[in-house]
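Student: Dropping a structure here in structure tokens format, bear with me for questions.
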Amino acid sequence: MEVRVEGLVKRYGRVTALDGVSLGFASGGLTAILGPSGCGKTTLLRSLAGFVAVDGGRILFGPEEVTALPPQARGTAMVFQHYALWPHMTVFDNVAYGLRLRKLPDADVRRRVERVLDLVEIGRITGVMQRRPAELSGGQQQRVALARALVVEPRVLLLDEPLSNLDAKVRQRLRAEVRRLQKAVGITAIYVTHDQEEALAIADTVVLMNAGRVVQSGSPQEIYSRPESAFTAEFLGVSNQLAGIAEAGGVRIGAQRLPYAGAVRGRATLIFRATDASLATDEEEAAPGHTLLRGVLEERLFLGSVYRHYVRVEGETIMVDGTEPVEGGPVTVRVPVAKLQVYAA
Amino acid sequence: MAAPPLAIVVWLFFVPFLSSAHLSFLRDGQWSLQNYALVWRLYKIDVLYTLGISLLSLALVIGIAALVCGYIRIVGHRAVEFLFKVPLFVPFVVVGHGMRVLLAPRGTLNSALAQVGVVDLSDPPSIAFSWIGIVISLVWKNLALAVLLVLGAYRAVDEPFLEAARNMGASTFRQIRDILLPMSAPSLVVASAFMFTSMLASFSIPLMIGGGEPPHMLMVDVYYRINYQDDLGTANALGMVSYLFAMGVAGYYLRTITARPL
């Protein structure tokens, strides 16, 4: 089921949560909606479910307009951040609820519940089914929530930060699970998250939102390697920002001048990732395709896989990751020219 | 520092209670079970009548409140919510009088029904001065408190629990029956306990709305026993019987609040 929204507007008093959002969600694909808190991503998801009445625009499921339909009539299924499993029902009753509302015969209900619990790999099904949600671990609860959503064979699966309540390890594993399930079922899925790594890892398409608008959308690779704005670059990955003045042939940062061939002029923001930069203690000739920044190494943290160095450059602190520790003092930061983004400030 | 409040409880509750218990076992200055024998002989129908009216009123109040609050909680309606809280501020005597005017044989209700030809005023049916009148008045008066308590319990149920059900296709009624009611059951039990004891002990409404002939509700019996028969012993025995029921409910209430999981 292809999903489209056209010019969606939602206001809460003076706050505009959705400011003319138009998007297409590919049939059978997983789209991640990414953005900082308050960017409108959850409002967008809730308006797709029908929990939020929009002030303008249209929502289409395939050829059918559903903008005015109540949640009950939309055929979406939502997985909630805090699972929202009904505490007074057993796991079986939770999952069976949607089927019983559809008045399916008991034998069918049982068969479909068991099949979907098997699909989400809940473990020993017969044991789990008669338990209450509170007796399960967070990861298992979220699997039950997924099962409850999938069992009714919804037209669209909506996931509202479904993994944010879990600890890092479980989150990583369930992330792969969600992806596997979505592909196996072939359902159109829309996944809201504020975690850029999660969005990049899980999605076919990433939509980045800010202040009620879509900032950029594309494949994870596109959005990561070709950010179209300082906001995108900043939001995706650990980034360094430096303020400068762009001129013909170069960008001035304080007393330093870096070669630059782009079209931006005047006040500009330079952005590059900590992982793309490297450190050299001695003044080195710039290797071809690299640009150099002089600074002072102030601090170093060991993060496990890398050492993160904090370097003071022209009054601002930037981060440079490296596999070898470098001692404090004057350093030269090398940045590949291709990885250095310049945006008008 | 517990002494002052303890003294107040002892003075205001235990002393009157013990004195009442004591008096209920005295007849002509002698220890005796005669008062209770009299209660059994004369008032067992009244005890059942009181229990029946209280249970029926309670069931109606909780049933109506469960549905009305569900509607307010899910659909939301400020005016409805306000209207249902009005009876909270109307005194019992005013309710009693209002119901007499409304439900009397030639009262407002029958007059209105006569206008459309449903009721024949030459032989009007009477809802007032019967158990039905008492039930209607008790329900009307207690509904506000019930709405207040039940709505509080419903509002403590987080929105996603309801959204998940709505998402699956559950109607408003199904959301109330399947999610709101079971999830707020402990609070509903507590609310029921409160209202049941207050109904058992209701006095002005049964006095004003109930019929002149027996059966009467227990508090009316107590009143007659003291004022017309000057029989404190039997009156206190009747009081002890109501205590017994109220304490049964209180015990249930205490078990519920202590057994409730975190």
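Student: Give the Cα extents of chain B along the principal axes, in whole Å, largest first.
Tutor: Principal axes ranked by extent give 71, 65, 31 Å for the Cα atoms.
Student: Compute from the Cα atoms of the stretch A:59-107 the Rg and the Dmax, the latter being the longest Cα-Cα distance, and quote both in angstrom.
Tutor: Expressed in Å, the Cα Rg and Dmax of the stretch A:59-107 come to 14.0, 39.
Student: Now for a separate question. Using the structure shown, select from B:Lys44/B:Lys141; A:Lys41/A:Lys183; A:Lys41/A:Lys103 the pairs with a Cα to Cα distance greater than 30 angstrom.
Tutor: Among B:Lys44/B:Lys141; A:Lys41/A:Lys183; A:Lys41/A:Lys103, the Cα-Cα distance tops 30 Å for A:Lys41/A:Lys103.
Student: Taking amide H positions as placed in the peptide plane 1.01 Å from N, state which residues far from A:Thr67 in sequence (5 or more) or on other chains have amide H under 5 Å from it.
Tutor: A:Ile59
Student: Return the long-range amide H neighbours of A:Asn210 (sequence gap of 5 or more, or a different chain), with a cut-off of under 5 Å between placed amide H atoms.
Tutor: Counting only residues 5 or more places away or on other chains, the set is A:Val215.
Student: Something else about it: Could you derive backbone 3J(HN,Hα) for the stretch B:243-249 from the dihedral phi with the Karplus parameters 6.51, -1.76 and 1.60 (θ = phi - 60°), listing whole Hz in sequence and x where the residue is Gly or Pro?
Tutor: Running phi through 6.51 cos²θ - 1.76 cosθ + 1.60 with θ = phi - 60° gives 3, 4, 5, 4, 5, x, 5 Hz.
Student: Could you work out how much longer the chain between B:Phe203 and B:Arg41 gets when fully extended? Use 0.36 nm per residue separation minus the Cα distance between them, nm to one decimal. Mind dumping the intermediate values first?
Tutor: Working: separation 162, 0.36 × 162 = 58.32 nm, distance 2.22 nm.
Roughly 56.1 nm would be gained on extension.
Student: Name the residues of the stretch A:67-84 whose accessible area, probed at 1.4 Å, falls by at least 50 Å² once all protein chains are in place instead of their chain on its own?
Tutor: Residues passing the criterion (a loss of at least 50 Å², heavy atoms only) are A:Gln72, A:Phe80.
Student: Give the distance, in whole Å, between the Cα centre of the stretch B:44-93 and the Cα centre of the stretch B:1-37.
Tutor: 33 Å
Student: Here is a follow-up. Limiting things to C-alpha atoms, what are the Rg and the maximum Cα-Cα separation (Dmax) for the stretch B:1-149, in angstroms?
Tutor: 21.8, 68
Student: Across the stretch B:145-162, in residue order, what do the Karplus-derived ³J(HN,Hα) couplings come to in whole Hz, using 6.51 cos²θ - 1.76 cosθ + 1.60 with θ = phi - 60° and x for Gly and Pro?
Tutor: Karplus values, whole Hz, x for Gly and Pro: 4, 4, 4, 4, 6, 5, 5, x, 5, 5, 5, 6, 7, 5, 3, x, 4, 6.
Student: Name all residues of the stretch B:174-214 having a backbone nitrogen under 14 Å from the label point set 7 Å from the Cα of B:Ile257 along its Cα→Cβ direction, giving them as ranges.
Tutor: Answer for this model: B:186-195.
Student: Using a 1.4 angstrom probe on heavy atoms only, work out the carbon and sulfur share of the accessible area of the protein assembly as shown in %. Provide the component values of the computation, followed by the final result.
Tutor: On the way: 17470 of 29430 Å².
Of the solvent-accessible surface of the protein assembly as shown, carbon and sulfur hold 59 percent.
Student: Between A:Glu327 and B:Asp158, take the C-beta separation as r, use R0 = 60 Å, and let me know the FRET efficiency to the nearest 0.05. Please list the in-between numbers first.
Tutor: Details: r = 53 Å, r/R0 = 0.89.
My answer for the efficiency is 0.65.
Student: For the protein assembly as shown, state the average projected area of the convex hull of the C-alpha atoms over all orientations, rounded to one decimal in nm². Intermediate values should be presented prior to the final figure.
Tutor: On the way: hull surface 173.2 nm².
Mean shadow area of the hull around the Cα atoms is 43.3 nm².
Student: So if I take the centroid of the Cα atoms in the stretch B:205-255 and the same for the stretch A:1-47, what is the distance between those two points in Å?
Tutor: Going from one Cα centre to the other spans 63 Å.
Student: Please state the shape class of the stretch A:271-344: rounded when a/c is under 1.5, otherwise prolate if a/b exceeds b/c and oblate if not, all from the C-alpha gyration tensor. Each step should come with its number before you reach the end.
Tutor: Values: a/c = 1.42, a/b = 1.33, b/c = 1.07.
Cα axes put the stretch A:271-344 in the rounded bin.
Student: Moving to a separate point now. Could you derive backbone 3J(HN,Hα) for the stretch A:185-197 from the dihedral phi with the Karplus parameters 6.51, -1.76 and 1.60 (θ = phi - 60°), listing whole Hz in sequence and x where the residue is Gly or Pro?
Tutor: 7, x, 8, 6, 10, 10, 10, 8, 7, 9, 9, 5, 5
Student: Could you list which residues have their amide H under 5 Å from that of A:Ala17, counting only those 5 or more apart in sequence or on another chain, with H placed in the peptide plane?
Tutor: A:Lys10, A:Arg11, A:Tyr12
Student: From the residues A:Gly254, A:Pro336, A:Gly29, which one has its Cα farthest along the dipole of the protein assembly as shown in the positive direction, the dipole being from +1 and -1 charges on Cβ of Lys/Arg and Asp/Glu about the Cα centre?
Tutor: The residue sitting farthest along the positive end of the dipole is A:Gly29.
Student: Ratio of the stretch B:31-84's C-alpha Rg to 2.2 N^0.38 Å, to two decimals? Show your work: numbers first, answer last.
Tutor: Numbers: Rg = 19.9 Å, N = 54, 2.2 N^0.38 = 10.0 Å.
The reported ratio for this selection is 1.98.
Student: In debye, nearest 20, what is the charge dipole magnitude of the protein assembly as shown about its Cα centre with +1 on Lys and Arg Cβ and -1 on Asp and Glu Cβ, if you could check?
Tutor: On the way: 57 positive and 51 negative charges, 214 e Å.
For the protein assembly as shown, the charge dipole is close to 1020 debye.
Student: At a probe radius of 1.4 Å, figure out the B/A buried accessible area, summed over both chains, and give it in Å² to the nearest 100. Before the final figure, lay out the partial values.
Tutor: Details: alone 14790 and 16340 Å², together 29430 Å².
Roughly 1700 Å² of accessible surface disappears when B and A pair.
Student: Here's something else I'd like to know. To the nearest whole number, what is the average tally of beta carbon atoms from other chains within 10 Å of the beta carbons of peptide B:168-174? Walk me through the numbers before you get to the answer.
Tutor: On the way: counts 15, 12, 5, 3, 1, 0, 4.
What the average comes to for B:168-174 is 6.
Student: Starting from the Cα gyration tensor of chain A, take the square roots of the eigenvalues, sort them a ≥ b ≥ c, and report rounded, prolate or oblate (rounded when a/c is under 1.5, otherwise prolate if a/b is larger than b/c, else oblate). Present the calculation step by step, with values, prior to reporting the outcome.
Tutor: Details: a/c = 3.15, a/b = 1.88, b/c = 1.68.
Cα axes put chain A in the prolate bin.
Student: Toward the positive end of the charge dipole of the protein assembly as shown, about the Cα centre and with charges on Cβ (Lys, Arg +1; Asp, Glu -1), which of A:Ile223, A:Val185, B:Met168 goes farthest?
Tutor: The listed residue farthest towards the positive side: B:Met168.
Student: Here's a follow-up. Which of the lysines could a cross-linker span from A:Lys339 if the Cα-Cα distance has to be under 19 Å and same-chain partners fewer than 8 positions apart are dropped?
Tutor: Counting by Cα, and skipping residues close in sequence, A:Lys339 has no lysines nearby.
Student: Counting only helical runs of four or more DSSP H residues, what would the 222 nm mean residue ellipticity of chain B come to if each run contributes -39,500 (n - 2.57) and the total is spread over all its residues? Please report the intermediate quantities before stating the final value.
Tutor: Numbers: 12 runs with 181 residues, N = 262.
Computed mean residue ellipticity for chain B: -22500 deg cm²/dmol.
Student: Next question. Divide by every residue of chain A the summed helix terms, -39500 (n - 2.57) for each DSSP H run of at least 4, and state the resulting mean residue ellipticity at 222 nm, rounded to the nearest 500 deg cm²/dmol. If you can, show how the numbers build up before the last one.
Tutor: Values: 9 runs with 89 residues, N = 345.
Estimated from H runs of four or more residues: -7500 deg cm²/dmol.
Student: Nearest 20 debye, what's the magnitude of the dipole of chain A about its Cα centre given +1 on Lys and Arg Cβ and -1 on Asp and Glu Cβ? Write down the numbers at each step before the final one.
Tutor: Details: 41 positive and 38 negative charges, 276 e Å.
Roughly 1320 debye for chain A.
Student: Keeping every protein chain present and rolling a 1.4 Å probe, give me the accessible area per residue for chain B in Å².
Tutor: On the way: 13930 Å² over 262 residues.
That works out to 53 Å² for each residue.
The values are calculated or read from the model by the stated rules, or taken from the named source; none is laboratory data. In this text, all values refer to a predicted model and were calculated from it rather than measured experimentally. Cβ atoms come from the backbone with ideal geometry, glycine included; neighbour counts cover every protein chain shown. SASA here: full protein model, heavy atoms, side chains in, ligands and nucleic acids out. Shrake-Rupley method; radii C 1.70, N 1.55, O 1.52, S 1.80 Å.
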